[in-house]
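The values are calculated or read from the model by the stated rules, or taken from the named source; none is laboratory data. Bear in mind the structure is a predicted one, so any value in this text is a computation, not a measurement. Cβ: placed from backbone, ideal geometry, glycine included. Neighbour counts: every protein chain shown. Heads up: the accessible areas ignore ligands, DNA and RNA and are worked out on the full protein's heavy atoms, side chains in. Shrake-Rupley method; radii C 1.70, N 1.55, O 1.52, S 1.80 Å.
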Amino acid sequence: MKGKLLVIGFGPGSFAHVTERAREAIQESNMVIGYKTYVDLIEGLLTDQEIISTGMTEEVSRAQEAVKQAERGNKVAVISSGDAGVYGMAGLIYEVLIEKGWKKETGVEVEIIPGISAINSCASLLGAPVMHDACTISLSDHLTPWNLIESRIDAAAKTDFVIALYNPKSGRRTRQIAEAQQILLKYRSPDTPVGLVKSAYRDREQVVVTNLKEMLNHEIGMLTTVIIGNSSTFLYDDLMITPRGYQRKYTLNQTEQPLKLHQRLQKEAEPWALEQVNPAPVLQATNNEELSFREMAELALKMVNGENVEPFQQNVSPQDMETIFELAVSPGVANKKFTARQMIVLAEVVGENGIMEYTQDHHLKLQIPTYNPNEVIERLAEAGFSLAPVGDVLTIKACDFCDGDKKDSIPYAEELESRLGGMELPKELKLGFNGCGMACYGAVKEDIGIVYRKGAFDLFLGGKTVGRNGHPGQIVAEGIAPEQIVSIVENIIQDYKDLGYPNERFYKFFKRVKQVQGFVYQDITPKLEVEAAACGD
Ligand code: SAH
């Protein structure tokens, strides 16, 4: 009798989701090999098969045993949950066979029986989160180098794939999911819907709908699949839904469609399609022939590879492109007074189409459409403005030193501003600097606070500046000598820059690392129960 290997994916776990062919294949076999939990799950489908069950990490010996038994003439069912070809046994069975010189024609017969993989079973319980381009990434680094996993998460996050994370966490592997979250947060909003499905279609099924920011506050384990939405995924009635794009062509709440059937596939209805003419080409044919997005992409690829792209010429140089230039301005670190002249320059530079917005930290944030950001910088600097980048950068919030009366510490504020102002950091960081013990500009409430008092500086770290459970910083030192303050603060901020996770606020960083530049964290969170509320709650 010739043996056979039946590699079976039995789906998420319930009998209703086992395919007909998988059932037959189990019946056809006289021996079942699988991880013990899986054998238990399909026990009700077994008749008189011999059972060889093993532990979870023994896949290789399981595959070797299955091959050996098939070669002896047995019909061996090798079972995997979900689909056997998705982090299952199918590949390994082939690898073991190939090692032994197996050939399709002459060797034992192999049949791979497909099953419903976790990405599909879990998606069905969440609503319709996959719908569009999606990928699976296993966070298990037992067989795959972590840096490869990291770069796959990065690429998938950057390109807006819906992502199903398999093997997100186990007893020993707890850090990977947090690292994955940080990478995702580099590209996706903290509010991105995330679904956590544990034991789909099994006894202890659990479905949680959360978001990228909150996901780690819920239970995630070996039996969980984490589904991360893309930038269009939305929540409705606790369902996660990723639109397919129909709304681009259809009006979904009316039966009479503005585009008739024959119009829908016409070029004009799909201005985004690959073969369409690119309305703003960066390259131009010398004969002025129009180029499609696809032709542009092919040319760009050639250019990257150093190939000759004549007869095309570069159409637009970077200086010719209008961009929206964003920056923040203020009259100075200590100075809080605008002059009339400065206001006129601002109005001229920002113009009709720009935006000028007053911020919480004594700055005006400007968004200026311009072909020439350098010119904008020059004009504003000439008018005496202090300029700063916006985003996740360091901002100094100094007081006005009683209109300049208490001026002894101003040089230190200015030195901090010139050394550190605008420094890019894991998250925005406000450094409060007050010139006397009154600290009336609220330095102690900032991420880092400095108060000048009796000729020396007091230092406060880790204020929680936002949230209903906000609190001031912890006083970590009093009486720091003036000649030391700048370098101490600089070192603290450098540590935060080097060791903080992307998007991690300073107070969280201080709490996590417990010590920074010798200053030890103490929990000074108010002991009253205050529920944290997210933006919009
Ligand atoms: N071959 C399986 C995957 C095995 S890897 C498949 O195609 O589904 C193991 C991982 O799969 C688990 O860590 C979990 O992320 C996921 N998984 C498998 N079955 C699941 C279920 N019933 N519910 C939720 N996740 C599941």
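Some notes on this structure:
- Annotation: Asn503 fulfils all but one of (1) over 18 Å from Thr395 (Cβ atoms); (2) not in a helix (DSSP H, G or I); the unmet one is (1).
- Subset of region 376-394 [surrounded by fewer than 14 Cβ atoms within 10 Å (Cβ to Cβ) and at pLDDT 90 or above]: Glu378, Ala381, Glu382
- Region 123-154 - residue that is open to solvent by less than 40 Å² (accessible area, probe 1.4 Å) and assigned to a helix (DSSP H, G or I) and, of those, farthest from the ligand (Cβ to nearest atom): Asp154
- Scanning region 440-462 for residues that are in contact with a Phe, Trp or Tyr (Cβ under 9 Å, 6 or more places away or on another chain), in a loop (DSSP other than H, G, I, E, B) and open to solvent by 10 Å² or more (accessible area, probe 1.4 Å) yields Tyr441, Glu446.
- For region 64-103, a residue qualifies if it is open to solvent by 60 Å² or more (accessible area, probe 1.4 Å) and touching a strand residue (DSSP E or B) at 6+ places or on another chain (Cβ under 8 Å), and the qualifying residues are Tyr87, Tyr94.
- Counting only strands (runs of 3 or more DSSP E) wholly contained in region 219-265, the ones carrying 3 or more residues that are among the β-branched types (Val, Ile, Thr) and in contact (Cβ under 8 Å) with a residue 60 or more places away in the chain occupy 224-228.
- Note on region 3-23: residues that are part of a loop (DSSP other than H, G, I, E, B) and more than 16 Å from Ser80 (Cβ to Cβ) total 1.
- Taking first residues from region 481-509 that are without any contact (Cβ under 8 Å) to a residue 24 or more places away in the chain and partners that are open to solvent by 20 Å² or more (accessible area, probe 1.4 Å), the Cβ contacts under 7 Å between residues at least 6 apart in sequence or on separate chains come to Asp495/Gln517; Leu499/Val513.
- The residue that is nearest to Ala134 (Cα to Cα), counting only those in region 78-118 that are charged (D, E, K, R) and outside any helix (DSSP H, G or I), is Asp83.
- Scanning region 218-234 for residues that are more than 16 Å from the ligand (Cβ to nearest atom) and not β-branched (Val, Ile, Thr) returns Gly229, Asn230, Ser231, Ser232, Phe234.
- Residues located in region 317-355, provided they are open to solvent by 90 Å² or more (accessible area, probe 1.4 Å) and in a strand (DSSP E or B): Ile324
- Within region 95-120, residues that are more than 17 Å from Val7 (Cα to Cα) and among the β-branched types (Val, Ile, Thr) have Cβ atoms under 6 Å from residues that are near the ligand (Cβ under 10 Å from one of its atoms) and at pLDDT 95 or above in these pairs: Ile119/Thr136; Ile119/Ala164, counting only partners at least 6 apart in sequence or on another chain.
To keep it simple, each residue is scored yes or no on (1) over 17 Å from the mean Cα position of the chain (by Cα); (2) open to solvent by 70 Å² or more (accessible area, probe 1.4 Å); (3) at pLDDT below 95.
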| site | (1), (2), (3) |
| --- | --- |
| Arg188 | no, no, yes |
| Ser199 | yes, no, no |
| Asp203 | yes, yes, yes |
| Glu214 | no, no, no |
| Glu219 | yes, yes, no |
| Ser232 | no, no, yes |
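- So Ala178, is it buried (at least 19 other Cβ atoms within 10 Å of the Cβ) and aliphatic (A, V, I, L, M): no
- Tally, over region 176-217, of residues that are more than 16 Å from the ligand (Cβ to nearest atom) and part of a loop (DSSP other than H, G, I, E, B): 8
- Matching entry among Ser61, Ser53, Ser29 (being touching a helix residue (DSSP H, G or I) at 6+ places or on another chain (Cβ under 8 Å) and either open to solvent by 60 Å² or more (accessible area, probe 1.4 Å) or more than 12 Å from the ligand (Cβ to nearest atom) (or both)): Ser53
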